[in-house]
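Each value in this text was obtained by applying a stated rule to the coordinates, not by laboratory testing. No experiment lies behind these values; they were computed from the predicted model shown. Glycine gets a Cβ as well: all are built from the backbone with ideal geometry, and neighbour counts include every protein chain shown.
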Amino acid sequence: DVAMTQSPLSLPVTLGQPASISCRSSQSLVHSDGNTYLNWFQQRPGQSPRRLIYKVSNRDSGVPDRFSGSGSGTDFTLKISRVEAEDVGIYYCMQGSYWPTFGQGTKVEIK
Amino acid sequence: DVQLVESGGDLVQPGGSLRLSCAASGFAFSTYWMSWVRQAPGKGLEFVANIKDDGSVKNYVGSVKGRFTISRDNARNSVSLQMDSLRAEDTAVYYCARDPFFSSFDSWGPGTLVTVSS
């Protein structure tokens, strides 16, 4: 299975400041069809996961534009341009190019 | 609006069985793959199983193969997970998720808790 490794696992951030989460895969996520099926999910405390980003950089409807995804091959990043209180939660990367696997999760909290 | 609502979670003894259901509404259910994803207490997310839109293809994570069975009823807009020979390590919140393509789970239910304990 493709291993997904996130860093950091804990991310204390000051309100209004940027945040960045890294996700690395154990092999390239470029599918034979040319697409890269890398998603980002947000799980707020006590809630079910919510997809934020699909295919590396496509933001879901209703997701604030302060969230952005980037990367290619094996290295991917989720960035929050200015963290707000409602962004507290755990963020997971997940690949669907092969048997689906998730990263360990990164806990974002306010300093 | 897309809605997914799981049910059937309970406390069950090791070796026991449980059937989870997920009722879907607000979208053309019969045109989507559907998946189950679980989350053990305080842990991360794990893909469990998925089923093709017409039910002809089913996939399972290795740890549940031979014990869990996924099925769907497109006439009733529902997907189920039959869980047999349950183990303590199956204890988790089980989420039903819609899969528009390549496990890009775009909608999730609130989850249902399965606890396997004597």
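Just a few scattered comments:
- Segment A:Leu9-A:Asn58, length gained on full extension (0.36 nm per residue, minus Cα span): 15.3 nm
- The mean count of C-beta atoms from other chains within 10 Å of the C-beta of residues in B:41-48, rounded to a whole number, is 4.
- Partner aspartates and glutamates for B:Lys43 [C-alpha distance under 13 Å; skip if fewer than 8 residues away on the same chain]: B:Glu89, B:Asp90
- Summing charges over all other residues whose Cβ lies under 12 Å from the Cβ of B:Leu4, with Lys and Arg as +1 and Asp and Glu as -1, gives -3.
- Spin-label pair A:Lys79/A:Ser28, simplified geometry with 7 Å Cα→Cβ offset, distance in nm: 2.5
- 25 Å tail of the calculated P(r), chain B, as % of Cα pairs: 15
- If R0 is taken as 45 Å, the Cβ-Cβ distance between B:Asp54 and A:Ser20 corresponds to a FRET efficiency of 0.60.
- Length gained on full extension, B:Gln13 to B:Asp84: 24.5 nm, using 0.36 nm per residue less the C-alpha separation.
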